[in-house]
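Below: one structure, written as structure tokens.
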Amino acid sequence: MTDRDSVFLRALGDAASRLRPEVHEYVAGPPAGSRSGVGRGVFEIAGSPYRRIAGLLRIVSGPDVALDAYERDVPFEIVNRLAADGSRPRLDAERSFRFRRGPRRFVDTLQVGRIPGTLVNTPGTDGRVELLLECSVTADGNLMMQSRAARVRIGRRRIRLPKLVSVKVTVIDGWSPEHEHRTVDVSVRNPVLGTVLRYRGWFTYEYVPS
């Protein structure tokens, strides 16, 4: 692995050159001497409007995925840790939401997919669900990820979820030149229920020495 290797750069390939410099710096991964980065900011809106059924969602997704709160102006922290499976980079992320009703946690892992231009996202600590994310660069140089498929693990099998019980995930990692801070916009939608998870906001980011 090089000193600026990352799952995002491998998935994007040549398209990474179209990222705006501030976004490229974020997705390129930590420089030499560091294996993690920490971001702190505020979500303008965060959580799930279906917070009352969060317990049922955990049966499918496992712990540290479903959020049982839905609030505005939520302080948060994200910690990204670079790891590796053999020669392949892996990104482990942990988001801490400081809701007024109490702190909540959302964790996931990203690895390069076998299909060019994709990442495999595994939310939660149990790895029960997998999302195949297609990576692209928006017209204004931000990173966009959109889900193409969702699978649930049952024993050793991974079964693709039917559309009606699946979700469509859209993630945009960007930069605000007006405010000079990083931005993130995540939505998770179901064809029947609509938006089941949303968080949108801004943050500052720094790398932590190893």
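The values are calculated or read from the model by the stated rules, or taken from the named source; none is laboratory data. Computed from a prediction, not measured in an experiment: that's the story for all the values here. Positions of Cβ are generated from backbone atoms using ideal geometry, with glycine treated the same way; all protein chains shown enter the neighbour counts. Areas reflect the complete protein model, heavy atoms only, side chains present, ligands, DNA and RNA absent. Shrake-Rupley method; radii C 1.70, N 1.55, O 1.52, S 1.80 Å.
Once the other residues with Cβ under 11 Å from the Cβ of V196 are scored (Lys, Arg +1; Asp, Glu -1), what is the net sum?
Result for the neighbourhood of V196: +4.
Hey, rough spin-label estimate for M144 and Y207, points 7 angstrom out along Cα→Cβ, what's it come to in nanometres?
Result: 2.9 nm between the two label points.
Over the Cα atoms of the chain, Rg to Rh with Kirkwood Rh, two decimal places?
Checking Rg against Rh, the ratio lands at 0.94.
Which net charge results when you count Lys and Arg as +1 and Asp and Glu as -1 among the other residues whose beta-carbon is under 15 Å from that of R90? Let's see the in-between values first.
Numbers: positive: R10, R35, R81, R88, R114; negative: D5, D85, D92, E94, D108, E130.
Around R90, the surrounding residues sum to -1.
Skip the ligands, DNA and RNA, and give the accessible area per residue of the range 53-201 with a 1.4 Å probe, whole Å².
Dividing the accessible area of the range 53-201 by its residue count gives 53 Å².
When every alpha-carbon pair in the range 139-210 is counted, what percent end up more than 22 Å apart?
Roughly 43 percent, once rounded to a whole number.
Hey, if we sort D73, D85 by accessible area with the 1.4 Å probe, largest down, what's the order?
Result, largest first: D73, D85.
List the residues whose amide H sits under 5 Å from the amide H of F99, counting only those 5 or more places along or on another chain, with H placed 1.01 Å from N in the peptide plane.
So F99 has HN proximity to R104.
Restricting to DSSP loop positions (anything but H, G, I, E, B) with no more than 15 other Cβ atoms inside 10 Å of their own Cβ, which trypsin sites (Lys or Arg not before Pro) remain in the range 72-114?
On the way: sites: R72, R81, R90, R95, R98, R100, R101, R104, R105, R114; in loops: R100, R101, R114.
Taking the range 72-114 and a limit of 15 other Cβ atoms within 10 Å, the loop trypsin sites (Lys or Arg not before Pro) found are R100, R101, R114.
For the chain, with all protein chains present and a 1.4 Å probe, just round the carbon and sulfur fraction of the accessible area to a whole percent.
Details: 5680 of 11080 Å².
The computed percentage sits at 51.
If I model a spin label as a point 7 Å beyond the Cα along the Cα-Cβ vector, how far apart are those points for R20 and I154 in nm?
4.5 nm
Rounded to the nearest 0.05, what FRET efficiency do V192 and R4 have when you use their Cβ-Cβ distance and R0 = 41 Å?
Efficiency, from the Cβ-Cβ distance: 0.45.
Note down the nm distance, to one decimal, between modelled labels 7 Å out along Cα→Cβ at E77 and at A32.
The modelled label-to-label distance comes out at 3.0 nm.
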